[in-house]
Amino acid sequence: MTSQALVVGVDLGGTKISTALVDVNGQIIAHDYRETQADKGQAVVIDRMLDAVRQVMEQADIPKAQVRAVGIGAPGPLDIHAGVVIAPPNLPGWRDVPLKELIEERVGIKTFLENDANAAALAEHRFGAGQGCDHVIYVTVSTGVGGGLILDGKLYHGAEGAAGEVGHITILPNGPLCGCGNRGCLEALASGTAIAKRAREVVSRGAPTVIAELADGDPERITAKLVAEAAEQGDFEARKILSEAMNYLGIGIASLVNLFNPQVIVIGGGLSNLGERLLEPVRRGVARHAFAAPARTVQVVLAELGDKSGVLGAAAAALTQIEREISFKIS
Ligand SMILES: [Zn+2]
């Protein structure tokens, strides 16, 4: 049994809740993984979160007093100052839920709420690929595109806590419609959803490609992962779809390099499994579109924490808040 300060991180997603008891070095001491059961409504989901928090403390057999804080990573939009979940699309029926307060009251431990992409940025900064750097931009590329900005060593929230929406940088003003209502956002061009959509278009116009075959002729089964498989087999159309999408990602990231002059861009999310097929076009885009000096400085790398970035991010958010409060008391 350890005597050092511990926190609990809770990563609340639309399909799963991942909860861990974590030490200051990012070591996971106990872990709980369960379905969200979002369809059963908010009260059930919150009970499941509370049960998971108790579960990891029991598993590790540590007194509650040793847990300094609970951090929750939740899908946006959020009011992080008030600790309120506003209306996330993947948690149906949730509207203005004071999640921070509800968890804090029932667990009896100080609780903090952070947006899931920001939490993952904190995790990579503290425990992963951005360790030791004060200027880190995290970009997640999966069904959507999101991000978090670590500027001068601190997570940048902006006036409303809405900063870091990397996915909604406009790349093509007349491009494909984005889920946000705008056209040609980075997310509408480079996300897994965008890649799958583009592949369905290519298949439906009858282009020669193995994509249709891999999907057993069912357009609904076309995913970015399947397009990546086709590309691995040398499929021309699949490679073209991916390289176009990753070129757009490179253009978006080049703007971030010009704006923030980061030391490192950390790319996570499901599409980071593309590895070099993602890194190479992004690095090329940065070299081509960003100013020479910041483009030379920046390292574009893959995230290191994989599917643990959410839960470690929630823990990192809790640790960050505790440290902030301590320094406030001293000053
Ligand atoms: Zn958008």
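The values are calculated or read from the model by the stated rules, or taken from the named source; none is laboratory data. Everything quoted here is computed from the prediction, not taken from an experiment. Here Cβ is always computed from backbone atoms with ideal geometry, including for glycine, and neighbour counts include all displayed protein chains. Accessible surface is based on the protein model in full, side chains and every heavy atom, while ligands, DNA and RNA are left aside. Shrake-Rupley method; radii C 1.70, N 1.55, O 1.52, S 1.80 Å.
Of the residues screened, residue 254 is not one that is outside the structural domain of residue 142 (by TED's automatic domain parsing), part of a helix (DSSP H, G or I) and either touching a residue at least 12 places away in the same chain (Cβ under 8 Å) or under 17 Å from the mean Cα position of the chain (by Cα) (or both). Taking the conditions (1) in the same structural domain as residue 274 (by TED's automatic domain parsing); (2) at pLDDT 95 or above in turn, residue 161 satisfies each one other than (2). Taken together, 109, 103 contain a single residue that is in contact (Cβ under 8 Å) with a residue 40 or more places away in the chain, open to solvent by less than 30 Å² (accessible area, probe 1.4 Å), in a helix (DSSP H, G or I) and within 25 Å of residue 54 (Cβ to Cβ), which is 103. Within the stretch 61-100, the residues that satisfy the criterion of being within 18 Å of residue 28 (Cβ to Cβ), crowded, with 18+ Cβ neighbours inside 10 Å and in contact with a Leu (Cβ under 6 Å, 6 or more places away or on another chain) are 67, 72. Applying the condition of being open to solvent by less than 10 Å² (accessible area, probe 1.4 Å) and not in a helix (DSSP H, G or I) to the stretch 183-234 and asking which residue is nearest to the ligand (Cβ to nearest atom) yields 185. When residues in the stretch 149-182 are screened for being among the aliphatic types (A, V, I, L, M), exposed (fewer than 14 other Cβ atoms within 10 Å of the Cβ) and away from the ligand (no atom under 16 Å from the Cβ), 1 of them pass.
Per-residue answers, yes or no, for (1) open to solvent by less than 50 Å² (accessible area, probe 1.4 Å); (2) part of a helix (DSSP H, G or I):
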site	(1), (2)
4	no, no
18	yes, no
30	yes, no
34	yes, no
51	no, yes
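The listed residues are 322, 222, 326, 265, and the only one of them that is within 23 Å of residue 118 (Cβ to Cβ), at pLDDT 95 or above and either among the β-branched types (Val, Ile, Thr) or not assigned by TED's automatic domain parsing to the domain that holds residue 196 (or both) turns out to be 265.
Residue 262 meets each of the listed conditions (1) touching a strand residue (DSSP E or B) at 6+ places or on another chain (Cβ under 9 Å); (2) within 16 Å of the ligand (Cβ to nearest atom); (3) not in a helix (DSSP H, G or I) apart from (2). Are there any pairs with C-beta distances below 9 angstrom linking a residue in the stretch 86-98 that is small (Gly, Ala, Ser) to a residue that is assigned to a loop (DSSP other than H, G, I, E, B) and open to solvent by 50 Å² or more (accessible area, probe 1.4 Å), with the two at least 6 apart or on different chains, and if so which? Short answer, once both residue conditions are applied: 87/77; 87/95; 87/96. Give the stretch 115-145 a look and list any residue that's open to solvent by 10 Å² or more (accessible area, probe 1.4 Å) and either closer than 19 Å to residue 86 by Cβ or free of Cβ contacts under 8 Å to residues at least 60 places away in the same chain (or both), or say none. Within the stretch 115-145, 115, 116, 117, 131, 132, 144 qualify. Kindly evaluate residue 285 against the criterion of being assigned by TED's automatic domain parsing to the domain that holds residue 150 and either surrounded by 18 or more Cβ atoms within 10 Å (Cβ to Cβ) or touching a Ser or Thr at 6+ places or on another chain (Cβ under 7 Å) (or both). Judged against the criteria, residue 285 is a match.
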